[in-house]
Amino acid sequence: MRPIIVPLGGFLGSGKTTLILAASSVLKGRGVRVAAILNDQGNNLVDTEFVSANGIAADQVTGGCFCCRFSELIDAAERLRAWSPDVIFAEAVGSCTDISATTLQPLKLYYSQQFRLAPYTVLMDPERAHELGRSDAGSDLSFLFQTQIDEADLICFNKVDRHSEFPNIAGAPLRYLSALTGQGVAEWLDEVLAGEVLSGGRILDIDYERYARAEAALAWLNCSASVKLDPPLSPALLIGPLLDELRHALTAEGLRIVHMKLSDHSPSGYLKASIVSNAEEPLVHGMLDASPAELHRLLLNVRAEGDPATLQRIVEEKLATLPGEIEFGNMQCFSPAPPKPEHRMASVANAAAEGIQT
Ligand SMILES: Nc1nc2c(ncn2[C@@H]2O[C@H](COP(=O)(O)OP(=O)(O)O)[C@@H](O)[C@H]2O)c(=O)[nH]1
Ligand SMILES: [Mg+2]
């Protein structure tokens, strides 16, 4: 049977990875085999590591979004077939748009023998929708946010455990869920796997110069580092305060945090912490009660609006203040390059909508 690819979009920090985990747990409970493809402009991804740490077969497309690395998306999906998945979640880069024309249509046209395709779900953080929808309209982030919504087959307000007010959004049908608590996740899955909604039913008429400018306003940092601490600390006592210090330093220098994720592998356990704005306290997942350890392997992914050189300087300075020895592995800091899709289809390709029973 051909696996069904479930494409997931939505702004940085909207909850795509969290939804993959929640949905995978529902599907595993139903005896459905799942896999996931993560996507980023750089490599060393906290998300891929986190999804794998949760026992899901995961692959990744790095160095650019699905549209610019379409062949690599296909390669990753083919590699995952070794696990015989029934469902493959595909998480797009959170600043990426025009997915329908550049990724969904080519998938339907050229790969319908290998894969089925679910409708394109775009997740939305209600707070971000308030922030970028009104006061910030016309800004770079608002442009990316709005165009993502405009091409959705299904729009899901996420984080309903924390929010009860939702702005009016025109376009695709609206759904409401919490990837964190699981509320609404099974219903969402039933809808996207039923095969009743055409995937990639909308195509944008997008100004690529505007799109490139909007993405270039973002600074992107991915780095890895090994730390030998003296005295030893638990992962929670290492990455909680470190993320907080980074947050304060970025705020002081005027960088607007869009998503900052920090993970720690230590012999005593795995922990991940993340925030999606300058004002937020970190949300932590993993082994909060792990005991102190000397050795830690850190992975940091920051997406912020601002200058990449300033971001890199702040990160290097803050990591250097950790008590002990630090050895930097990979350090990448850049603004995304102008998107150059491998394919771009101007009209909606029809494909037999065909779901799976779970
Ligand atoms: N309260 C709440 N937080 C959530 C929910 N879903 C995701 N988050 C948090 O939002 C942040 C970003 O989530 P993530 O899945 O990494 O977003 P992505 O960038 O779209 O993949 C993380 O700190 C998550 O724990 C939710 O339903 N409720
Ligand atoms: Mg993610």
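The values are calculated or read from the model by the stated rules, or taken from the named source; none is laboratory data. Being a predicted model, the structure only gives us computed values, none of them experimental. Please note: Cβ atoms are built from the backbone with ideal geometry, for glycine as well, and neighbour counts cover all protein chains shown.
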- Working only within the range 288-316, note down all residues that are touching a Gly at 6+ places or on another chain (Cβ under 6 Å) and surrounded by fewer than 17 Cβ atoms within 10 Å (Cβ to Cβ). none
- Subset of the range 33-68 (residues that are within 14 Å of ligand 1 (Cβ to nearest atom) and part of a strand (DSSP E or B)): ALA36, ILE37, LEU38, ASN39, ALA58, GLN60
- Message: Any residue that is of a type in the set (Phe, Trp, Tyr) and within 20 Å of the chain's Cα centre (by Cα) - is there at least one of those in the range 190-210?
- Response: no
- Item | Enumeration of residues in the range 17-48 that are at pLDDT below 90 and either in the same structural domain as LEU298 (by TED's automatic domain parsing) or over 23 Å from LYS159 (Cβ atoms) (or both) | GLN41, GLY42, ASN43, ASN44
- Message: Taking the criterion of being crowded, with 20+ Cβ neighbours inside 10 Å and part of a loop (DSSP other than H, G, I, E, B), would at least one residue in the range 323-337 satisfy it?
- Response: yes
- Note on the structure: For ASN168, the lone unmet condition from (1) away from ligand 2 (no atom under 16 Å from the Cβ); (2) in contact (Cβ under 8 Å) with a residue 12 or more places away in the chain is (2)
- If you go through the range 304-319 one residue at a time, do you hit one that is closer than 26 Å to ALA101 by Cα and within 26 Å of the chain's Cα centre (by Cα)? no
- Message: Quick check on this structure: which one of SER142, SER95 is among the hydroxyl-bearing types (Ser, Thr, Tyr) and either assigned to a loop (DSSP other than H, G, I, E, B) or within 16 Å of ligand 1 (Cβ to nearest atom) (or both)?
- Response: SER95
- Being part of a strand (DSSP E or B) and either on the phi > 0 side of the Ramachandran plot or more than 10 Å from ligand 1 (Cβ to nearest atom) (or both) is the filter here, so list the residues in the range 157-178 that pass it. LEU174, ARG175, TYR176
- Among the residues of the range 1-32, the number that are in contact (Cβ under 8 Å) with a residue 24 or more places away in the chain and either assigned to a helix (DSSP H, G or I) or within 16 Å of ligand 2 (Cβ to nearest atom) (or both) is 22
- Note on the structure: Here the residues within the range 3-22 that are within 19 Å of LEU104 (Cβ to Cβ) and touching a helix residue (DSSP H, G or I) at 6+ places or on another chain (Cβ under 8 Å) are PRO3, ILE4, ILE5, VAL6, PRO7, LEU8, GLY9, GLY10, PHE11, SER14, LEU19, ILE20
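Yes/no per residue for (1) out of contact with any strand residue (DSSP E or B) (no Cβ under 9 Å at 6 or more places or on another chain); (2) modelled with pLDDT of 95 or more:
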residue: LEU198; (1), (2): yes, no
residue: ALA217; (1), (2): no, yes
residue: ALA225; (1), (2): no, yes
residue: SER234; (1), (2): no, yes
residue: LEU238; (1), (2): no, yes
residue: LEU242; (1), (2): no, yes
residue: LEU246; (1), (2): no, yes
residue: ALA252; (1), (2): yes, yes
residue: GLU280; (1), (2): no, no
- Query: On the given criteria, is ALA77 more than 16 Å from ligand 2 (Cβ to nearest atom), over 20 Å from TYR270 (Cα atoms), surrounded by 22 or more Cβ atoms within 10 Å (Cβ to Cβ) and assigned by TED's automatic domain parsing to the domain that holds ASP140?
  - Reply: yes
- Of the criteria (1) without any contact (Cβ under 8 Å) to a residue 24 or more places away in the chain; (2) closer than 30 Å to ASN278 by Cβ, which one GLU72 fails: (2)
